[in-house]
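The values are calculated or read from the model by the stated rules, or taken from the named source; none is laboratory data. The structure displayed is predicted, hence computed values, not measured ones. We place every Cβ from the backbone using ideal geometry, glycine too, and count neighbours over all the protein chains shown.
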Amino acid sequence: MVRRTKEEALETRNLILDSAELVFRDKGVGHTTLADIAAAAGVTRGAIYWHFENKAALLQAINDRVHLPLEAMNQVIADTNLDDPLRALRETAVAVLRQAAEDARTRRVFEIFAFKCEYVGEMAAMLARQRESRRACLAAIGGNLRHAVEKGQLPADLDVDRRAIGLYALVSGLIDTWLLDPDGFDLAGMGAGLVEEFCAGLRAEGRK
């Protein structure tokens, strides 16, 4: 009985999160009330408060259950034992774009945080988390590029910090641009070509 009760509680929690994702995407975080989410989920507001302290906690949980690709990217490219760090960087960046294009939940969460959330008041903590995530990703890219320099894959005088910002801006900017008009271009296909061109440019810098 206890196990079943826990399972039911988890099912309710996931139902609330699923519903909140859709409502946040459609109405925006600022214009969504807990009553809106309760109605969409078919539960009471009390059920929401049982699982989440407030709307900010709900949004945090939405973020936590989706391993956003720019965060997942860090774990792969930061490995100092990679035999081919530049290849790992290129393939992981392309995988990020593919996940954003093909995974519906990832796409919704990206859209919410990019366009449907005003980072003020109780939502300010989410902005702080995004800033920290960006710093971590830049550090991972920079570490990967330094490793590639040590391996002789890239020129010794490469401006690593500058190029790390460039690649991060390319990947995140492509996702944001695509989200504005998903039919405008093939994110995974065109993105793969642009990432390859960026990496080719890094390799070519030493021949200038």
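Quick look at the numbers
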| quantity | calculated |
| --- | --- |
| Those residues of the stretch 157-195 which are buried (at least 18 other Cβ atoms within 10 Å of the Cβ) and aromatic (Phe, Trp, Tyr), in sequence order | 168, 178 |
| Check on residue 17, surrounded by 17 or more Cβ atoms within 10 Å (Cβ to Cβ) and outside the structural domain of residue 170 (by TED's automatic domain parsing) | yes |
| Contacts under 8 angstrom Cβ, first residue in the stretch 149-164 being in the same structural domain as residue 73 (by TED's automatic domain parsing) and among the hydroxyl-bearing types (Ser, Thr, Tyr), partner part of a loop (DSSP other than H, G, I, E, B) and surrounded by 12 or more Cβ atoms within 10 Å (Cβ to Cβ), 6 or more apart | none |
| All helices (runs of 4 or more DSSP H) inside the stretch 95-185 with 1 or more residues being under 28 Å from residue 83 (Cβ atoms) and modelled with pLDDT under 95 | 124-150, 160-180 |
| Residue check for residue 56: in a helix (DSSP H, G or I), touching a residue at least 12 places away in the same chain (Cβ under 8 Å) and touching an Asp or Glu at 6+ places or on another chain (Cβ under 9 Å) | yes |
| The stretch 22-44 - residue that is among the charged types (D, E, K, R) and more than 19 Å from residue 12 (Cβ to Cβ) and, of those, surrounded by the fewest Cβ atoms within 10 Å (Cβ to Cβ) | 26 |
